[in-house]
Each structure stands twice: as structure tokens, then as C-alpha cells.
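What follows draws every value from the coordinates through simple rules; no lab data is involved. Model, not experiment: these values are computed from the prediction. A quick note on method: Cβ atoms are made from the backbone with ideal geometry, for glycine too, and the neighbour counts reach across all protein chains shown.
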Amino acid sequence: MRLATIQTSHGPRPVVLNGETYVDVCATDPELPTSLRGLLEGGPAMLHLVAEISQRPAAIRHPVADAKLFAPIPDPHKVICIGLNYRDHAAETGAPIPREPVVFSKFTTALIGPEEPIVLPKVSHKVDYEAELVLVVGKKARSISRDVARSYLAGYMIGHDVSARDWQLEKDGKQWLLGKTFDTFAPTGPYLVTADEVADPHELGIRLRLNGETMQDSSTRQMIFSVDQLLEYLSQVMTLQPGDLIFTGTPPGVGIARQPPVWLKPGDVVEVEIDHLGMLRNPVVAE
């Protein structure tokens, strides 16, 4: 399934993509939770019901062409990010290959959806782009082993880890969190693609285009720490909850590594594309 969140007359609601329409599962069955995170909290049985509802002839539908998309999960408990997780990206930055995952986070106020503008803050002049595969947790997980870790995933989606490099790398103590979590610095979408539709998350082409020019073009096979390893590692420290998002790192080609560096500017359009997951597009504006 491809699950999304769209604007309806009743506010944001979870939907299922079905051809050229979105099935409004809550309008079809008012007993269902009114958020995608709420549906995930219902577990596999709830998602099975959602899949069944999406096929009903009498289901309430909205045309795809008319829909306004939000971030698929606009209200996760946590947004966790992994740095330097592609071998080719670590090489371009001159950083050694990490021995353990490099972990930071974003706040939920950074989340935006497709076509929503990335806003360049007045206080930063070095805003960079980073295409990323995002994992979506489907079941509560604590201290899980990697051999069963993937069974705790609801699925995958596209993410864009926008980064203010001057705040991240030039402030005292290197303010990774602050440089990564300005408002609008976490576009996600357009869909949550359920795990059963992705045979191997480590064999996905991942690309980023800036104003139509390809800037990043790699594969998730370049990831240093696999999906399974990341889930095992993180669950040692924290309880992962349904709807939590995990950004898994970016491939090479980022702006800071180019000569001269390439920074986002007002009027830019960024497209992130991952095989089987779709394409996430966002314009760039000044604050």
C-alpha cells in the first residue's frame, strides 16, 4: 500500500492511493483513527483492515489531482537521523568510516510535505541538500536483534535532510541538532510505502535533482549500517514507537563537498527520487 495524509473538509486525514484517487479510510469507516500514526499504532490487523477498506466499491474517494498532501506522518514521537552512513559520502567529506552509527535528531516542527516550501532562515547562509531513505517504525521496539528488526518496520518513504552547514559545523561544539532542525528542514513524502512492497531496502537507487540537474545519484547498497543494524542499535537506547521516523543518511554529491560549494537559494526547486517510493518535490523560498 501507499499511504498518505491529505487535506479534507474535516482536516488532515490518512488515505490510501488507489489508481487516480485517494481512498479516505476514516470517512469510509468512522471508527478508524484519524491519523496515519494512529493507524500504525493499531498494528498489522489495523493495516490489513485499511487495505480491505481501500478496495470497497463504496469507499469515499478524493481525486489525486485535487489533493493537497502533507507529510505522511506529520506527528511522529521521534525524528531520528543517521549521519555519514554512505561509504561514498564519507569519502567525499574526508571523514573516516564510522565504527558505530552517528546519531542526531530533528524536531517535528521541521517536517513538511510535498510541494511545501523549504524556507531559508535569515541567520544561515550555507543551506545544503541531502536525499535520504526514511524508515517508518510500525511496532513498539526495545532491545531488538537485527535478525528480526525489519519485522518492526511499517515501511519506507523519501526524506530530505536540509542542513544549515554554518550552524552544524562552524558553531562552538558543532551544533548538529540546531543546524538540522530549522523549521521546514525535513520534507518527507509523498507516501509511506509499506514494507511488503520493497523487496530489499538496500537495493534502491537514490537521486536528488536541483533545478533539474542531478546532484546526487547513488544506491542504498552504499549504506555502511544496514536497516537491520540501525534498528538494533537505536533500540538499545530508546523505545522506538509506531510512526517514528529514521532518516538513514545521504549519498555523495552534497553542496558542501562541491568546488565551489553549492548552497540552496530562493527560487530553487529540489526533487528527491528513490526507486519504488516515488518523488518528493519542494520549492525553496527566503524567510
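List of remarks:
- Here is the list for the stretch 63-98: trypsin sites (Lys or Arg not before Pro) lying in DSSP coil, each with at most 15 other C-beta atoms within 10 angstrom of its C-beta, are Lys68.
- Separation of alpha-carbon centers, the stretch 231-287 and the stretch 69-83, rounded to whole Å: 11
- 17 Å Cα-Cα reach of Lys265 towards aspartates and glutamates, excluding residues that sit fewer than 8 places from it in its own chain: Glu115, Glu116, Asp128, Glu130, Asp161, Asp166, Asp183, Glu213, Glu287
- Option label - Rg and Dmax of the Cα atoms in Å computed here, alternatives (1) 18.3, 59; (2) 19.7, 66; (3) 24.1, 76: (1)
- FRET efficiency, 1/(1 + (r/R0)^6) with R0 25 Å, evaluated for Tyr233 and Ala51 via beta carbons: 0.20
- Computed over the stretch 1-103: relative contact order in percent, which uses C-alpha pairs under 8 Å that are six or more apart: 27
- Pairs from the list Lys139/Lys180; Lys122/Lys171; Lys106/Lys126 with a Cα-Cα gap above 24 Å: Lys139/Lys180.
- Residue order, fewest to most surrounding Cβ atoms within 10 angstrom, among Met238, Met157, Met1: Met238, Met1, Met157
- Value of [θ]222 nm, deg cm²/dmol, for the chain, DSSP H segments ≥ 4, -39500 (n - 2.57) each, nearest 500: -4500 deg cm²/dmol
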